[in-house]
Amino acid sequence: MIAFAANSILCRLAFKNTEIDAATFTNARLASGAVMLWLIVPASRQNNVPASWVSAFALFAYAASFSFAYITLSASTGALLLFGAVQLTMILPRILAGEGLSIWKIAGIICAFSGLILLVLPGLTAPPLAGATLMTMAGIAWGVYSLRGRDTTDPEASTSSNFLRAVPMAIILNMLFFSYSSFDLAGIVYATLSGAITSALGYILWYKILPSHNPANAATVQLSVPVIAALSSIAILDEQVTIRLIVSSLMILGGIGLVFKKA
């Protein structure tokens, strides 16, 4: 969870302190992650997993939306929106499949959605709407990516394959935003750390321990990420945590936690 939160911190550090643009950050992050996974996961294993361009696109959509969102969002707000959207996206299929909803689950869903609405309502401390929308899209994309990867027999090889397929998409994105392209060494370093370490190695570690946890516990533990990101952003980025963010966090994380606790 520290690795997941670190992605938010590294992205904000890059846009706050360096010249790198969002498209280049996305490209460098996915490319460095692909290289790291290619070095770790044998090619024979990668060739044995079914190619999934849909999953690769979901991974790319997450990474691109994530980067562009953090141009305007704080690390703590972005992490809250991201993982709120991720968890709600992963809950929705269970509801659509006809899973019975207890009064506790209904209350949890209403509480979580109300927290998201409160966070983005217009006001002095509301996050920029464009950034909030992009981060919500990133969360939906990551939720879709996670749902599609649940039944894979070799998560590490699948992740490596998806990273490799996402790189050409990132290159096309870079070409589309070429006129806005800018970067420096520090920005590339932050993007590389995000891709190779906190994404590639973080995902592998997560998949290693995931089988030892049931789905409800695994989903609930991810709710710690916004908290870690918020505390880290105060110490590293000197960001201020608002009352609106605190109340929204309690509503969103508490509501989602209630849904999974009663799952």
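Throughout, read-outs are computed from the coordinates displayed, never taken from laboratory work. None of these values were measured; they are calculated from a predicted model. We place every Cβ from the backbone using ideal geometry, glycine too, and count neighbours over all the protein chains shown.
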Rounded to the nearest 500, the 222 nm mean residue ellipticity computed for the chain from DSSP H runs (n ≥ 4, each -39500 (n - 2.57)) alone is -23500 deg cm²/dmol
Along the three principal axes, how long is the range 1-93 when you take its alpha carbons, biggest first, rounded to the nearest angstrom?
-> 41, 37, 23
Farthest toward positive dipole pole in the range 6-145 [+1 Lys/Arg, -1 Asp/Glu at C-beta], among LEU119, LEU88, ALA23 = LEU88
Order the peptides 187-198, 106-117, 79-90 from the highest to the lowest mean number of other Cβ atoms within 10 Å of their residues.
-> 79-90, 187-198, 106-117
Starting from the alpha-carbon convex hull of the chain, give the projected area averaged over all orientations, in nm².
-> 13.6 nm²
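Placing unit charges on C-beta atoms (Lys and Arg positive, Asp and Glu negative, everything else neutral), compute the dipole magnitude of the chain about its Cα centre in debye, rounded to 20.
For the chain, the charge dipole is close to 560 debye.
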Filtering the chain for DSSP H helices with an axial alpha carbon extent of at least 24 Å and a Kyte-Doolittle mean of at least -0.5 returns 22-40, 75-96, 103-120, 129-148, 155-176, 243-261
